[in-house]
Amino acid sequence: MLPAQQGYDRAITVFSPDGRLYQVEYAIETVRRGSIAVGVKCKDGIVIAVEEKPRKLQVSENPQKIFQIDDHVGVAAAGYIPDARSQVDNARFFSQSNKMIYDEAVEVETIAKHLADQCQQYTQYAGVRPYGVALILGGVVNNTPELFLTDPSGTYISYDAIAIGSGSDTVTD
């Protein structure tokens, strides 16, 4: 016989009696255990940095954790990096489509909202799992630096400075 909680643990679209979605909580825990990523808004732009953890027997370079979305937008990821690549591809397509349709650069907040919407959709449909990654999006639009965080639950928030991943509590204090 399975514990009572396990039924809620396996279904992404079913809330537990105390109102929790366990799969979303697991995805957020994946972010907490990932390498640290930091974003800081400055007067003239954005600074994004990540921690690289090479393995002793690793031949190739570390998986990329900083990505360019467009000429004016960059992303740092913490968590499950293949999920980050999927989100980055989505953001690149969205940004380029917007540029072709409107002939102007898309705002960082618009990209963050688009990615957060997709993350949120992955918390409510059967057959998919929540993204196990959080993204720090930074860029400069109309000479104004913008910095946003998206997380697996579908939340996006603007920050002046943010750290995610293992040890982020120490950095933000």
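Since every read-out is calculated from the coordinates, none of them should be taken as a lab result. Note that this is a predicted model, so its numbers are computed, not measured. When we count neighbours, we look across all protein chains shown, and the Cβ atoms used for this are built from the backbone with ideal geometry, even at glycine.
Scan (i) 1.10; (ii) 1.01; (iii) 1.06 for the value of Rg/Rh (Cα atoms, Kirkwood Rh) calculated from this model and give just the label.
Read-out from the structure maps to (ii).
How large is the dipole of the chain about the Cα centre if only Lys and Arg carry +1 and Asp and Glu carry -1, each at its Cβ, rounded to the nearest 20 debye? Provide the component values of the computation, followed by the final result.
On the way: 15 positive and 22 negative charges, 126 e Å.
The dipole of the chain has a size of about 600 debye.
Which of Val128, Val75, Val38 moves the most in a Gaussian network model of the chain with Cα springs under 10 Å?
Ranking Val128, Val75, Val38 by mean-square fluctuation puts Val128 first.
Under 14 Å Cα-Cα from Lys43, which aspartates and glutamates qualify once same-chain neighbours fewer than 8 residues away are excluded?
Cross-link targets: Glu146, Asp160.
Run the reach check for Lys53 against lysines, Cα to Cα strictly under 22 Å, same-chain hits fewer than 8 apart removed. What comes back?
Lys65
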